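The values are calculated or read from the model by the stated rules, or taken from the named source; none is laboratory data. Note that this is a predicted model, so its numbers are computed, not measured. For neighbour counting, all protein chains shown are included, and Cβ atoms are generated from backbone atoms with ideal geometry for every residue, glycine included.
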Amino acid sequence: MEHWSIHKPAVQTQGGVVVAQHALAAEAGAKVLAGGGNAVDAAIATGFALSAVEPWMSGLGGCGFMTVYLARENRSYALEFGVRAPGALNVNDYPLSTGFDSDLFAWPGVLENRNVLGPYSVAVPGFVAGLGEAAKRFGTLSWSQLLAPAIALAEQGLTVDWYSSLKIASSAADIAGFESTRSVYLPEGHVPMGHWAGSPPVIELKGLAKTLAQLADQGPASFYQGDLAARVLADTASVGIGLSAEDLASYRVHFEELTGASYRDAVIYTPAGLCAGPSLCQALTELEQHLPNPPMQPDGNSTAATAASLQAAYADRLLQMGDSPDGKIPACTTHLNVTDREGNVVALTQTLLSVFGSRLLLPDTGILMNNGIMWFDPEPGRPNSMAPGKQPLCNMCPTIVAEPAGPVTALGASGGRRIVSSIMQLISFITDFSMDPEKAMHQPRVDVSGVSQVVADAAFDPAILQALGDKVADLSTANHGVYPSLFGCPSIARFDPASGRSTGAAFVQSPLAAAVAEPVDS
């Protein structure tokens, strides 16, 4: 049990702000803003920088979703660059076993955990294609400028502070089974740890630095066709991953303008299709029905209404949502938010899925590969069952909220099935209870990641917990601590056009998450 109270002040500035789950990445994005880049430029630079400072969470071998609000147009857009199953995927390679999987979703067990760990768990990555498409459509700086901060960070190597040691230790038993990953992240067979009162160790990321430099020089298309693609394919083959040249060459980003969904008087912009956006919108619609007249501040009734709304949304999500059999999508995990001084706003969620993804590091290119096959339901005949070339249902939903008074807020979270609960409640705190980003981020939350159990933050007022206990059949409480993170890992960035001010609020429980203001004297 953790006996402390943590407070992380929000950052306010007349320029833009970058909020990310690692301060060094947020600083890189803020410098891009100061150098003349817009919010999309800064988001791209921050996203690539994260691949060097928290590589186990996201990077070139992963995928994501981005939501963009353009102030001048008063329009919002979504880019979907999720994973796809390889074209040669054979469902017979994933026979059901006993028990449940060893990771996030408690799917029925698969032989040797093949959908979770190792080469069979890897899907076609979309990260580079997605950020490349965002740069093409909305960016103002050159591609090489956007990757420069990530290259510099990768060349410096990864400084392993105590929190990074914790992240590596949490997956050490799994990554120890793969020599290419073990050799980098478990030097001498152990989790790298700094000595008491000494300097922290540094992990070399030479392969990643070289790959980022080649990508910066040759452009995003090179990851999917060309010399870099050939290196990636040779690298994946060397560790038994079955990706083909056609898998990479045929990858496409899905782009669409968003019409927005209403919640109270606000407009909610979040991606549709095979992500958590539809579930988020359904939960908000349910909350309007369960709580037509919100109280002055959250109480037992409003919190119980929140839990019931999330349960209803998850009941539909887990039973009905999935890709169509031919893999086509309808006009449908770390998180970062960016605003710029022009009022443009970006929410970007990117992921390898599990911590360390497939736990497989490509030995030459230094890329950690996703385990996106784990997103599929391993049981056949269901909407989200696996098939060649198919896109799985995922939990990402970067969201932008436009309020009638003018402020535009980007928010999102990491945390698997905890993402929807986190974002939905933050939206409610902001719109129903007029909380500013700092207060909203420090407000206790519940987590509903399925249709039954509700987990409540032990920091709730006892009267609220009592009221929840009277209304919720399966209620438990937990401390919202540093690790494990049981309530999602959200963040917020807001731009107020009336004042021209940006406000950023980072995930409170992480020692590395930070909001960084655009330097004003550069």
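Table for the structure above
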quantity	calculated
Cβ-Cβ under 9 Å pairs, at least 6 apart or on other chains, the range 21-34 side under 12 Å from residue 513 (Cβ atoms), far side of a type in the set (D, E, K, R)	21/54; 22/54; 25/54
Enumerated strands (runs of 3 or more DSSP E) restricted to the range 69-146, each holding at least 2 residues that are small (Gly, Ala, Ser) and under 27 Å from residue 376 (Cα atoms)	96-100
Tally, over the range 267-301, of residues that are within 21 Å of residue 461 (Cβ to Cβ), crowded, with 21+ Cβ neighbours inside 10 Å and in contact with a Leu (Cβ under 7 Å, 6 or more places away or on another chain)	0
Failed criterion for residue 57 (all others in (1) in contact with a Lys or Arg (Cβ under 9 Å, 6 or more places away or on another chain); (2) farther than 25 Å from residue 202 by Cβ hold)	(2)
Which listed residue is closer than 30 Å to residue 11 by Cβ, at pLDDT 95 or above and not aliphatic (A, V, I, L, M), from 519, 490, 511	490
Out of 85, 39, 20, sole residue that is within 24 Å of residue 417 (Cβ to Cβ), crowded, with 19+ Cβ neighbours inside 10 Å and more than 17 Å from the chain's Cα centre (by Cα)	85
Residues located in the range 112-132, provided they are over 18 Å from residue 360 (Cα atoms) and either among the hydroxyl-bearing types (Ser, Thr, Tyr) or out of contact with any helix residue (DSSP H, G or I) (no Cβ under 8 Å at 6 or more places or on another chain) (or both)	130
Tally, over the range 125-142, of residues that are more than 22 Å from the chain's Cα centre (by Cα) and either crowded, with 19+ Cβ neighbours inside 10 Å or within 17 Å of residue 368 (Cα to Cα) (or both)	1
Positions within the range 196-213 being surrounded by 19 or more Cβ atoms within 10 Å (Cβ to Cβ) and out of contact with any strand residue (DSSP E or B) (no Cβ under 7 Å at 6 or more places or on another chain), in sequence order	207, 208, 209, 211, 212
Every pair of residues 6+ apart whose Cβ atoms lie under 7 Å, when the first sits in the range 155-171 and is surrounded by fewer than 16 Cβ atoms within 10 Å (Cβ to Cβ) while the second is aromatic (Phe, Trp, Tyr)	166/483
Subset tally (residues that are closer than 11 Å to residue 399 by Cβ and either among the small types (Gly, Ala, Ser) or part of a loop (DSSP other than H, G, I, E, B) (or both)) for the range 267-286	5
